Amino acid sequence: MSTLDWSDTLVLNQPELDHTHEEFVDLLNRFGDTLDRGEDALPAFKALLAHTEEHFAMEERWMAATGFEPENCHSSQHAMVLNVMREVVRYAEELGDREPMPIVRQELAQWFPGHAEMMDAALVYTMQQRGFDPATGEFKEPALEGATAGGGCGSTSCGH
C-alpha cells in the first residue's frame, strides 16, 4: 500500500524541485512499505530524513537568493518538520521507542501535498518572476516587469 501517490497535482513544472519532490515521495513510500512489512523502519526513515534535510536546504538557498525574508513561514515549516523527524530518530535510538514512526508517516503524507501545492508553488512562482535559474544560481530577465524582492512564503496565514 502506498503512503502517498505521486500525481500531477504535485508537479510544479520546476525540474529540480519536481525531481526532489518525487524522490521525497518515493522515500516516504519505501519507509511506509518497511513499516507495513513489520521490519525495522529506522534505516529507511533515516534515509528519508537525510533527503529531507538536503531538500529543504536547497529550497532555503533558493529563498535566500530570491529575497525571501530569513524568518518566513515556509522556512518555519521546514524547521518544524525537521525537528519532528529528528526527534523520531532520537526516540528510536535513545529510548528504543518506534511508536512515533507510523504516526509521522501519516503526518508527512498529509502535510506534504499542501506544502508543495502552496508554499513550494509560491517559491517556484517567485523564482520565475525574478528570473532566478536554480540550476545555475543566476538571475536572468524577470518574467514580469516590476518583479521585486519580498518575503512571501506562499501562505495566506502569515503576514508575508
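Details
- Residue of His78, His55, His19 that the Gaussian network model of the chain assigns the largest fluctuation, springs spanning Cα pairs under 10 Å: His19
- Under a 5 Å amide H cut-off, with hydrogens placed 1.01 Å from N, Phe132 pairs with Lys140 among residues at least 5 apart or on other chains.
- For the range 16-131, the mean projected area of the C-alpha convex hull, equal to one quarter of the hull surface, is 7.0 nm².
- A crude spin-label estimate for the pair Tyr91 and Gln106, with each label 7 Å from Cα along the Cβ direction, gives 1.3 nm.
- Report summary: the helix-based calculation at 222 nm, which adds -39500 (n - 2.57) for every DSSP H run with n ≥ 4 and divides by the residues of the chain, gives -20000 deg cm²/dmol.
- By the Stokes-Einstein formula, at 0.692 mPa s and 37 °C, the range 1-67 with its Kirkwood radius over alpha-carbon pairs has D equal to 253 µm²/s.
- For the range 77-137, radius of gyration divided by Kirkwood radius, i.e. Rg to Rh on alpha-carbons: 1.18
- Using the Karplus relation 6.51 cos²θ - 1.76 cosθ + 1.60 with θ = phi - 60°, the per-residue 3J(HN,Hα) values for the range 29-44 come to 5, 4, 4, x, 4, 5, 4, 4, 7, x, 8, 5, 8, 4, x, 5 Hz, with x marking Gly and Pro.
- Longest DSSP-loop-exposure-free segment, GluC sites (Glu not before Pro), the chain, at most 16 other Cβ within 10 Å: 72-144
- The range 37-83: trypsin sites (Lys or Arg not before Pro) in DSSP coil with no more than 13 other Cβ atoms inside 10 Å: Arg37
- Note on Glu53/Asp8: beta-carbon distance plugged into 1/(1 + (r/R0)^6) with R0 of 22 Å gives a FRET efficiency of 0.25.
- When the surface is traced with a 1.4 Å probe over the full set of protein chains, His74 keeps roughly 0 Å² accessible.
The values are calculated or read from the model by the stated rules, or taken from the named source; none is laboratory data. Since this is a predicted model, take the numbers as computed values, not measurements. Glycine gets a Cβ as well: all are built from the backbone with ideal geometry, and neighbour counts include every protein chain shown. Please note that ligands, DNA and RNA were not included when accessible areas were found on the heavy atoms of the full protein model with its side chains. Shrake-Rupley method; radii C 1.70, N 1.55, O 1.52, S 1.80 Å.
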